[in-house]
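A.B. asks: I have a structure here, written as structure tokens, and I will follow up with some questions on it.
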Amino acid sequence: MARYQAVMGPGTLYGVGVGPGDTELLTLKAARLLSEVRIIAYPAPNGGESLARRIVAPVIPETARELPISIPMVQNREAARQAYDRAVEQMSSHLSLGEHVLFLCEGDPFFYGSFMFIHERLSPRFPCVVVPGVTSLTACAAAIGRPLAARNDVLRIIPATLPKERIRAELKQADAAAIIKVGRHFDKVRALLEELGLAQSSAVVEHATQGDQRIFGIDDVPDGERPYFSTILVYGGGEPWR
Ligand SMILES: C[S@@+](CC[C@H](N)C(=O)[O-])C[C@H]1O[C@@H](n2cnc3c(N)ncnc32)[C@H](O)[C@@H]1O
């Protein structure tokens, strides 16, 4: 008896940007894919709640299968590498069976997003589609009602995790700056902005577009821990800083 076997191609991995927090900032494309792709994966940092999942929670179909991917937020590169290898194995078992997988990314997938570590592992083996999202940078600028940069300004994006000397050098060169990953580095950055006379041109935006969004001048920030999802925008407005 002849035996027939269905020939099925591999599934597609979709890396989908879900924006900075407000569900209404999902793109139409992201919303459509969420309604169509059955397996929805997302990073669950250190086993905690996934912000990306929380953003899309109102539009996740009941029939979706969820795949939380544990990503440890650690400095140790080897531990992170192993976690991404494990994550990729989880997803590739579905992709190999011809099932599409949608991976949720806060903001935009390729703007400082951890999706790039998944993409570099899976894109040589499976079709991958990257769907851009609204970035936290543009959301923060909108929240404070001030442009990020204009005309010939050079905008520098500076991770606060860099050493103080490097941040100082970058700020001295910049026409406008966005300092990301502020969190526990806030005091270091505030001291630098004050030293460089930029405190008055700086605004701190925490949890932009989320229910608990807060905006401060650099000198008004309350004592205590700063959240990881905070960004400092530095811009002098129409007049140059110097
Ligand atoms: C690893 S980066 C990811 C950026 C993200 N992929 C994007 O497109 O905006 C994380 C940093 O982005 C900034 N960030 C992300 N979401 C934010 C939000 N809703 N409000 C303020 N800053 C945010 C913070 O500086 C945070 O430390």
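Only the coordinates and a few stated rules stand behind these numbers; no lab work does. What you are looking at is a predicted structure, and each value in this text was computed from that prediction instead of being measured. For neighbour counting, all protein chains shown are included, and Cβ atoms are generated from backbone atoms with ideal geometry for every residue, glycine included.
A.B. asks: Take the alpha carbon gyration tensor of region 1-132, find the square roots of its eigenvalues, order them as a ≥ b ≥ c, and report rounded if a/c is under 1.5; if not, report prolate when a/b exceeds b/c, else oblate.
C.D. replies: Judged from the Cα gyration tensor, region 1-132 comes out oblate (a/c at least 1.5, b/c at or above a/b).
A.B. asks: What number do you get for region 96-193 when its Cα radius of gyration is normalised by 2.2 N^0.38 Å, N = residues?
C.D. replies: The value comes to 1.36.
A.B. asks: If r is the Cβ-Cβ distance from ALA199 to THR27 and R0 is 41 Å, what FRET efficiency results, to the nearest 0.05?
C.D. replies: 0.70
A.B. asks: Shifting gears a bit: When Rg is the radius of gyration of the Cα atoms in region 139-199 and Rh is its Kirkwood radius, what does Rg/Rh come to?
C.D. replies: With Rh from the inverse mean 1/r over Cα pairs, Rg/Rh is 0.95.
A.B. asks: When the Kirkwood radius is taken over all Cα pairs of region 165-208, what Stokes-Einstein diffusion coefficient follows at 4 °C and 1.567 mPa s, in µm²/s?
C.D. replies: In µm²/s, the coefficient is 118.
A.B. asks: Also: Given charges of +1 on the Cβ of Lys and Arg and -1 on the Cβ of Asp and Glu, with all other atoms neutral, how large is the dipole of the chain about its Cα centre, in debye to the nearest 20?
C.D. replies: It works out to roughly 660 debye.
A.B. asks: Mind checking the full-extension length gain between ILE144 and ARG168? Use 0.36 nm per residue of separation minus the Cα-Cα distance, one decimal, nm.
C.D. replies: Stretched fully, the ILE144-ARG168 segment lengthens by 6.3 nm.
A.B. asks: What is the count of Lys pairs in the chain whose alpha carbons sit under 16 Å apart, if the two are 8 or more places apart or on different chains?
C.D. replies: Step by step, the pairs that qualify in the chain add up to 4.
A.B. asks: Over the Cα atoms of region 72-126, each weighted equally, I'd like the Debye log10 I(q)/I(0) at q = 0.16, 0.26, 0.31 Å⁻¹, rounded to two decimals.
C.D. replies: -0.51, -1.17, -1.32
A.B. asks: Starting from the Cα gyration tensor of region 137-242, take the square roots of the eigenvalues, sort them a ≥ b ≥ c, and report rounded, prolate or oblate (rounded when a/c is under 1.5, otherwise prolate if a/b is larger than b/c, else oblate).
C.D. replies: oblate
A.B. asks: Rank-order 53-65, 140-152 by packing density, defined as the average count of other C-beta atoms within 10 Å over each peptide's residues, highest first.
C.D. replies: 140-152, 53-65
A.B. asks: So what is log10(I(q)/I(0)) for the chain at q = 0.08, 0.09, 0.12 1/Å, when the Debye sum runs over its Cα atoms only?
C.D. replies: Log-scaled intensity ratios, in q order: -0.36, -0.45, -0.74.
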